[in-house]
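Below: the structure, in structure tokens.
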Amino acid sequence: MEPTPRKRVQHFDAEGHAHFLTFSCYRRWPLLSKERSIRWFLDALAGACAALDCELRAYIVMPEHVHLVVSPTSSSYSTSAFLQKVKQPVSRMARKWLAAHDPIWYEKLTITRGNQDKEFHFWQAGGGYDRNLFTEKELRKTVEYIHTNPIRRELVKDPLDWKWSSAAWYSQNNGLVVSFDYLRR
């Protein structure tokens with residue numbers, strides 16, 4: 001089965017802007033519903049932030065998608081490179097784990113192209129969603145939106161109850177930048 005064509009997202013890598021990023025699992029399946037895959041993601045996120053000099057402002061991992069707010073600290077950066085550095089390790093870990101432990105899901109996530117090449121997909125094709133945040137007001141509003149996502153989905157009643165989010169960090173530390181130690185808790 002051929003996947004739908006990729007939707008292209010243009011990234012505007014303007015110095016000093018935070019980025020609100022959203023991307024989804026393949027076919028919006030709940031591939032981030034297990035702790036192991038969430039841990040893979042959080043480790044990759046911490047690694048990408050450290051390697052590419054980005055500050056993590058906020059995050060939430062939902063069962064089938066992710067929201068992030070990141071601020072590059074370097075004047076020269078690439079949002080595309082950041083996304084690749086976050087997504088590729090997760091996909092590799094999932095592929096390896098599923099091949100060894102769950103061949104049914106491994107096959108569901110492997111597509112065959114017209115030329116018979118096989119491709120494993122953990123993430124939905126395309127660039128996801130990227131919006132530059134220009135003001136502190138936009139940043140705070142976006143962080144609130146991210147943290148209330150599980151409430152809107154009726155997964156919890158209080159944002160602090162969603163374990164895979166920076167909401168608790170914000171309530172304990174008055175926000176701003178999430179520590180890598182917090183990600184690895």
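Data table
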item: Selected residue (criterion: modelled with the highest pLDDT) from residues of the range 159-171 that are more than 18 Å from ALA46 (Cβ to Cβ) and exposed (fewer than 14 other Cβ atoms within 10 Å of the Cβ); result: ASP161
item: Strands (runs of 3 or more DSSP E) contained entirely in the range 75-145, each with at least 2 residues that are closer than 18 Å to LEU31 by Cα; result: 110-112, 118-120
item: Within the range 74-114, tally of residues that are among the hydroxyl-bearing types (Ser, Thr, Tyr), closer than 17 Å to PHE23 by Cα and modelled with pLDDT of 95 or more; result: 1
item: Exclusive hit being more than 11 Å from the chain's Cα centre (by Cα) and within 19 Å of TRP40 (Cβ to Cβ), set MET93, MET62; result: MET93
item: Every residue from the range 65-85 that is touching a residue at least 12 places away in the same chain (Cβ under 8 Å) and more than 13 Å from the chain's Cα centre (by Cα); result: SER71, PRO72, THR73, SER74, SER75, TYR77, SER78, ALA81
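Residue-wise test of (1) in contact with an Asp or Glu (Cβ under 7 Å, 6 or more places away or on another chain); (2) surrounded by 19 or more Cβ atoms within 10 Å (Cβ to Cβ); (3) within 17 Å of ASP130 (Cα to Cα); (4) among the charged types (D, E, K, R).
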position: ASP53; (1), (2), (3), (4): no, no, no, yes
position: LEU56; (1), (2), (3), (4): no, yes, yes, no
position: ILE60; (1), (2), (3), (4): no, yes, yes, no
position: HIS65; (1), (2), (3), (4): no, yes, yes, no
position: THR73; (1), (2), (3), (4): yes, no, no, no
position: SER78; (1), (2), (3), (4): yes, no, yes, no
position: ALA81; (1), (2), (3), (4): no, no, yes, no
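To keep it simple, each residue is scored yes or no on (1) more than 17 Å from ILE60 (Cα to Cα); (2) buried (at least 16 other Cβ atoms within 10 Å of the Cβ).
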site	(1), (2)
PHE122	yes, yes
TYR129	no, no
VAL143	no, yes
ILE151	no, no
LYS157	no, no
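The values are calculated or read from the model by the stated rules, or taken from the named source; none is laboratory data. These numbers were taken from a predicted model, which means no experiment stands behind them. So basically every Cβ, Gly included, is an ideal-geometry build from the backbone, and we count neighbours across all protein chains shown.
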